[in-house]
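Q: Just dropping this structure here.
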Amino acid sequence: MSNVWRSPRIKFTLVLIVTVVAGSCSAPEKQQRVNPSTGGKEPSAAPQERIPPPVFNQAYPEARFEAASKAILSVPPDVFPELPDAIISLLRGRGCKIPQPSAIGPPRNVIHGDFFTQGQTAWAVLCSSGGFSSILVFRDNLDAHPEELARNEDKNYLYGVGNGELGILREITAVGREFIMIHYQAYGGPKPPPIDHQGLDDSFLEKASVTHYFYEGTWLELQGAD
């Protein structure tokens, strides 16, 4: 035999080639997975969910609502001819505007009824000032110290009414014993006291309401619409 084939280096190279060739021949062919639902094609990996970037920073919505609250559809107190002059004067002094849920129909959110005692006419006004609204309840035509109920931020009730204006989804109405008892029986809530005069229903329109009822010197919050 030639001295070349006796070289250790040549022997090692031949062994390595034989091993590689034998391994490739003996390895089983990888079978392609078949998925009937994909027509026999290899299913692709599920795409990762893409999280969109934030549209606004956290301060923008707050700033937008603050600016929008100045565009709320509202009317001055003297739009209501039935409102006593003394009450109109007090509302002006407080910088009150009367927010409106809609431009359609007569102005709303100024009402009267026997809210303190049966047979005694009182007034209730939804007053918006400085970005907040509250219900001012006057015992009579000359009451200079109305009681203030349910103070809330206007921005919690805003919605678009068109032409760049915003309405407020809040409205107050006078309700009687039947309304109070029907809603208590339907939805539960605090048990009403004996009902002998009217209550004030404070409604978040198309959502829910709370009925304020004056009883023994205290304003109770009773179940309204749900």
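Q: Residues of region 166-184 being buried (at least 20 other Cβ atoms within 10 Å of the Cβ) and part of a strand (DSSP E or B), which ones?
A: Selection gives L166, G167, I168, R170, E171, I172, V175.
Q: So which of F132, F80 ends up being in contact with a helix residue (DSSP H, G or I) (Cβ under 7 Å, 6 or more places away or on another chain), farther than 21 Å from L222 by Cβ and surrounded by 13 or more Cβ atoms within 10 Å (Cβ to Cβ)?
A: Sole residue among the options that is in contact with a helix residue (DSSP H, G or I) (Cβ under 7 Å, 6 or more places away or on another chain), farther than 21 Å from L222 by Cβ and surrounded by 13 or more Cβ atoms within 10 Å (Cβ to Cβ): F132.
Q: While we're looking at this one, here's another question. Out of contact with any Lys or Arg (no Cβ under 8 Å at 6 or more places or on another chain) and part of a loop (DSSP other than H, G, I, E, B) - does that describe any residue in region 151-161?
A: Among the residues of region 151-161, not one is out of contact with any Lys or Arg (no Cβ under 8 Å at 6 or more places or on another chain) and part of a loop (DSSP other than H, G, I, E, B), which makes the answer no.
Q: For L158, only one of the following conditions fails: (1) touching an Asp or Glu at 6+ places or on another chain (Cβ under 8 Å); (2) farther than 21 Å from F80 by Cα. What is its number?
A: Just one mismatch for L158, condition (1).
Q: Among the candidates Y213, Y187, single out the residue that is surrounded by fewer than 16 Cβ atoms within 10 Å (Cβ to Cβ) and among the aromatic types (F, W, Y).
A: Y187
Q: While we're here: Within region 198-226, work out how many residues are assigned to a loop (DSSP other than H, G, I, E, B) and either within 20 Å of L169 (Cα to Cα) or out of contact with any helix residue (DSSP H, G or I) (no Cβ under 9 Å at 6 or more places or on another chain) (or both). It would help to see each step written out before you state the result.
A: Narrowing region 198-226 to residues assigned to a loop (DSSP other than H, G, I, E, B): 198, 205-207, 216-217, 224-226.
If we keep only those that are either within 20 Å of L169 (Cα to Cα) or out of contact with any helix residue (DSSP H, G or I) (no Cβ under 9 Å at 6 or more places or on another chain) (or both) too, we end up with 205-207, 216-217, 224-226.
Total meeting the criteria: 8.
Q: Could you tell me whether region 208-215 includes any residue that is hydrophobic (A, V, I, L, M, F, W, C) and free of Cβ contacts under 8 Å to residues at least 40 places away in the same chain?
A: There is at least one residue in region 208-215 that is hydrophobic (A, V, I, L, M, F, W, C) and free of Cβ contacts under 8 Å to residues at least 40 places away in the same chain.
Q: For the subset of region 87-104 comprising residues that are assigned to a loop (DSSP other than H, G, I, E, B) and either at positive phi or touching a residue at least 24 places away in the same chain (Cβ under 8 Å) (or both), which member is nearest to the chain's Cα centre (by Cα)?
A: Selected residue: P101.
Q: Anything in region 119-150 that is more than 22 Å from S102 (Cβ to Cβ), touching an Asp or Glu at 6+ places or on another chain (Cβ under 7 Å) and not in a strand (DSSP E or B)? List them, or say none.
A: Of everything in region 119-150, those that are more than 22 Å from S102 (Cβ to Cβ), touching an Asp or Glu at 6+ places or on another chain (Cβ under 7 Å) and not in a strand (DSSP E or B) turn out to be Q120, T121.
Q: Pick out the one residue from F65, F80 that is under 20 Å from L136 (Cβ atoms) and modelled with pLDDT of 50 or more.
A: Testing whether each residue is under 20 Å from L136 (Cβ atoms) and modelled with pLDDT of 50 or more leaves just F80.
Q: Collect the residues in region 119-152 that are under 26 Å from I72 (Cβ atoms) and either in contact with a Pro (Cβ under 8 Å, 6 or more places away or on another chain) or hydroxyl-bearing (S, T, Y) (or both), keeping them in residue-number order.
A: Of everything in region 119-152, those that are under 26 Å from I72 (Cβ atoms) and either in contact with a Pro (Cβ under 8 Å, 6 or more places away or on another chain) or hydroxyl-bearing (S, T, Y) (or both) turn out to be W123, V125, L126, S128, S129, S133, S134, L136, V137, F138.
Q: Turning to a different aspect of this structure: Within region 105-118, is there a residue that is part of a strand (DSSP E or B) and farther than 19 Å from F204 by Cβ? Write out each step before concluding.
A: Here is the first cut: in region 105-118, the residues part of a strand (DSSP E or B) are 110-113.
Keeping just the survivors that are farther than 19 Å from F204 by Cβ gives 112-113.
Among the residues of region 105-118, at least one is part of a strand (DSSP E or B) and farther than 19 Å from F204 by Cβ, which makes the answer yes.
Q: Return yes or no: is R151 touching a residue at least 60 places away in the same chain (Cβ under 8 Å), charged (D, E, K, R) and within 16 Å of E171 (Cα to Cα)?
A: Here the answer is no, as R151 does not meet what is asked.
The values are calculated or read from the model by the stated rules, or taken from the named source; none is laboratory data. Values in this document were obtained by computation on a predicted structure and should not be read as measured data. Note that each Cβ is placed from the backbone with ideal geometry, even for glycine, and that neighbours are counted across all protein chains shown.
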